[in-house]
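Report on the following structure.
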Amino acid sequence: MDDTGNADDATGHTLWHGRFAGGPAEALMAYTVSLPFDQRLWPDDIAGSRAHVRGLVRAELLTDHEADAVSVALDRVAAELADGTFVFVESDEDIHTAVERRVTEIAGAAGAKLHTARSRNDQVATDLRLWCKRELSGVAELLMELQQVLLDRADAADGVYLPGYTHLQRAQPVLLAHHLLAHGWALGRDVDRLLATVDRLDVSPLGAGALAGTSLPIDPASTAADLGFADVFANSLDAVSDRDFVAEALFDLALVGIHLSRIGEEWVLWTSEEFGFARLDDAYATGSSMLPQKKNPDIAELARGKTGRLVGNLTALLTMLKGLPLAYNRDLQEDKEPLFDSVEQVGLAVRAVTGMIATAEFVPDRMRSAADAEVMAATDIAEWLVRDGTPFRDAHAIVGALVRRHLSDGTSLQQLVRDELGDAAAQVVGPGEGVRRRTSPGGAGPDALPQQLDRYRAMLAALRSRLSAG
Ligand code: ARG
C-alpha cells in the first residue's frame, strides 16, 4: 500500500483501472469486495462465459481460433477453482473479475475479448439465476425426502392415535398418520412454491449489457437457449435490476423455515417427559454438559430458532431493494449473502429434521392414553343427538351440562350419558371410539385415511415429475 492507501498494482489492475489515475484505496476494496461470498458462483460464471463465447463467435466478434483459446483458458480456470489451486489477487473484487483476469493471463489478447458486449451487471444476474435454478431445485428435492419420510411413518402408524389440539388443549382424537401428513401437505405447498419460483426466474438476462444493451450484433435469445434458460429478457433495464426472484426465493425459504419451526415446536413438546409421545434416536439427540440424564431435542429447537434469520434475510433483501432507481446499483450486491445463507440453512435444517423424524420412536401408549380421556368424546355425544334431530346448539348445551357434572363430581362421563341418554349414546364414549368416528372426507379417522394417502401420493408424484422435467 502506498501513502494514499492505494492497494493496486502489486497485485494487478482492477477491471476499470483505465479511467483512474491511481488505484483503489484499501478501505474501498475492503468494503466493496464480494469475492469472499460470491466465489461459490464460479461454476455458473464459467458456464455463462462459455455460452457468451459461443455467442460472440456467432456474432463474428470472436474467431474460432480466439474462441478456442478462451475455452481452453476457461477449462483451466475451472480446474483451478475446482481443485483449490486458483490464486486470487487483491484486485479481484468479485468472482467475475477473478475469472476474467485469469482467463486473460492464460489466453492473452483473446482473453481480453471475453467481456465484449457484456457487463458484470448482466453477468451477475445470469450467474445468480443459474445458481438459483439448481439450488432451489435442490431444496425442493430435500423437502420431498422429508415428505416421503412423513408418508412412510404415516403408513406404518397403523391405527395409532393421539389428541388433536386447539389452543394446545386436547380437542379431538386424530390418527398419528393424519397428524404427520398435515405437515407433509404444508411442505408440498413449499415445494410447489419453490418450483414455481424456479419457473418464473428461468429467464436469461445475458445480453442486457450494463443497462441498455449494446451496439454490437449479439443475439441474447440464442445465448439464453444455449444456457438452458426457458426465456430471454425483453427489457435490458429490468434484466439487470430485477431481483424479484431473490425476494421470492427468500420468502419461499422463510416459509419452509416457519413450517420446520412449527414441526420443531411439536417435537420439543412430544419428546418432553410431560407429553412423552416420542423418543429421539441417540444419533439425532444431544446431551447436556452438566446434567448426565439429559437427552435434548436440539435439532427441533434450532429448526425453531433459526427461523428468525430466515425471516431476517427476506426483510434485509426487501429493504435493500425498496429505494433503488433503475438500473444496476451496487446495493444489489447485498442480494447474495441473505440468499446463500437461507439456502444453506434450510438445506441443513431439512436434512436434520428428516433424519430426526425418520429415526424417532413413537410411544403409542402415551398418545392413546392422552387421547382416550372421556371428555374428548363430548362433540361426538352431541353429534349423536344431532342424528336424532336435536339442533346442534341444544345438543351442545346438554352435553356441556353432563361434562360439567363429570368434572365436578368425577362420575364417569360414559355412565352419565348412559343414565341420561341411554345405552346407544353411551357407546360413543370409550377408547378408540372418537377417532373411529372421524369419518368425514379429509377427516382424522381411519375411514378417511386411504383417500388422503392416495391424494398425498399423487401430490408427491406430480411434484417429482415437475422437478425432473425442470
Ligand atoms: N459484485 C457485483 C455484484 O454482486 C457484480 C456487479 C458489479 N457491477 C458493477 N457495476 N460494479 O453485484
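The values are calculated or read from the model by the stated rules, or taken from the named source; none is laboratory data. Only a predicted model underlies this, so the values are computations on that prediction, with no experimental measurement involved. Every residue, glycine as well, gets a Cβ built from its backbone with ideal geometry; the counts of neighbours run over all protein chains shown. For accessibility, only protein heavy atoms count, side chains too; no ligands or nucleic acids. Shrake-Rupley method; radii C 1.70, N 1.55, O 1.52, S 1.80 Å.
Pairs only if they're at least six apart or on different chains, beta carbon under 6 angstrom, first in the range 93-120 and in contact (Cβ under 8 Å) with a residue 12 or more places away in the chain, second more than 16 Å from the ligand (Cβ to nearest atom) and among the acidic types (D, E); list them, first residue then second.
Going by the 6 Å Cβ cut-off, the qualifying pairs are A110/E66.
State whether one or more residues within the range 149-166 are open to solvent by 20 Å² or more (accessible area, probe 1.4 Å), in contact (Cβ under 8 Å) with a residue 24 or more places away in the chain, away from the ligand (no atom under 16 Å from the Cβ) and in a loop (DSSP other than H, G, I, E, B).
Among the residues of the range 149-166, at least one is open to solvent by 20 Å² or more (accessible area, probe 1.4 Å), in contact (Cβ under 8 Å) with a residue 24 or more places away in the chain, away from the ligand (no atom under 16 Å from the Cβ) and in a loop (DSSP other than H, G, I, E, B), which makes the answer yes.
Return the pair list, or none, for Cβ contacts closer than 8 Å from residues in the range 16-37 that are more than 30 Å from L339 (Cβ to Cβ) and away from the ligand (no atom under 11 Å from the Cβ) to residues that are open to solvent by 40 Å² or more (accessible area, probe 1.4 Å) and part of a helix (DSSP H, G or I), at least 6 apart or on different chains.
Note: pairs meeting the criteria are G23/H17.
Just to be sure I understand, how many residues within the range 86-120 are among the hydroxyl-bearing types (S, T, Y) and within 16 Å of the ligand (Cβ to nearest atom)?
Here the count works out to 3.
Is it true that some residue in the range 370-382 is within 47 Å of the chain's Cα centre (by Cα), within 30 Å of R279 (Cβ to Cβ), assigned to a strand (DSSP E or B) and not acidic (D, E)?
No, there is no match, as no residue in the range 370-382 is within 47 Å of the chain's Cα centre (by Cα), within 30 Å of R279 (Cβ to Cβ), assigned to a strand (DSSP E or B) and not acidic (D, E).
Test L130 against the stated conditions and say whether it is over 30 Å from M356 (Cα atoms), crowded, with 20+ Cβ neighbours inside 10 Å and either of a type outside the set (K, R) or touching a Phe, Trp or Tyr at 6+ places or on another chain (Cβ under 6 Å) (or both).
Taking the combined requirement at face value, the residue satisfies it.
For the range 325-343, what are the residues that are away from the ligand (no atom under 12 Å from the Cβ), assigned to a loop (DSSP other than H, G, I, E, B) and of a type in the set (A, V, I, L, M)?
Result: L326, single match.
Just the residues that are open to solvent by 40 Å² or more (accessible area, probe 1.4 Å), of a type in the set (F, W, Y) and touching a helix residue (DSSP H, G or I) at 6+ places or on another chain (Cβ under 9 Å), please, taken from the range 16-74.
Passing the criteria: only W42.
Restricting to the range 403-441, count the residues that are touching a strand residue (DSSP E or B) at 6+ places or on another chain (Cβ under 7 Å) and open to solvent by 70 Å² or more (accessible area, probe 1.4 Å).
Summing the residues that are touching a strand residue (DSSP E or B) at 6+ places or on another chain (Cβ under 7 Å) and open to solvent by 70 Å² or more (accessible area, probe 1.4 Å) in the range 403-441 gives 0.
Of these, K306, K336, which one is closer than 27 Å to G138 by Cβ, open to solvent by 20 Å² or more (accessible area, probe 1.4 Å) and at pLDDT 95 or above?
K306
Write out, first by first residue and then by second, each pair whose Cβ atoms fall under 8 Å of each other, whose residues are 6+ apart or on separate chains, and whose first residue, in the range 199-219, is surrounded by fewer than 18 Cβ atoms within 10 Å (Cβ to Cβ) while the second is among the aromatic types (F, W, Y).
What qualifies is R200/F245; A210/Y328; L211/Y328.
In the list E105, E90, which residue meets the criterion of being open to solvent by 50 Å² or more (accessible area, probe 1.4 Å) and in a loop (DSSP other than H, G, I, E, B)?
None of the others qualify; the one that does is E90.
Of the numbered conditions (1) open to solvent by less than 70 Å² (accessible area, probe 1.4 Å); (2) closer than 25 Å to Q148 by Cα; (3) of a type in the set (G, A, S); (4) part of a helix (DSSP H, G or I), A444 fails exactly one; give the number of that condition.
Looking at each condition in turn, A444 falls short on (4).
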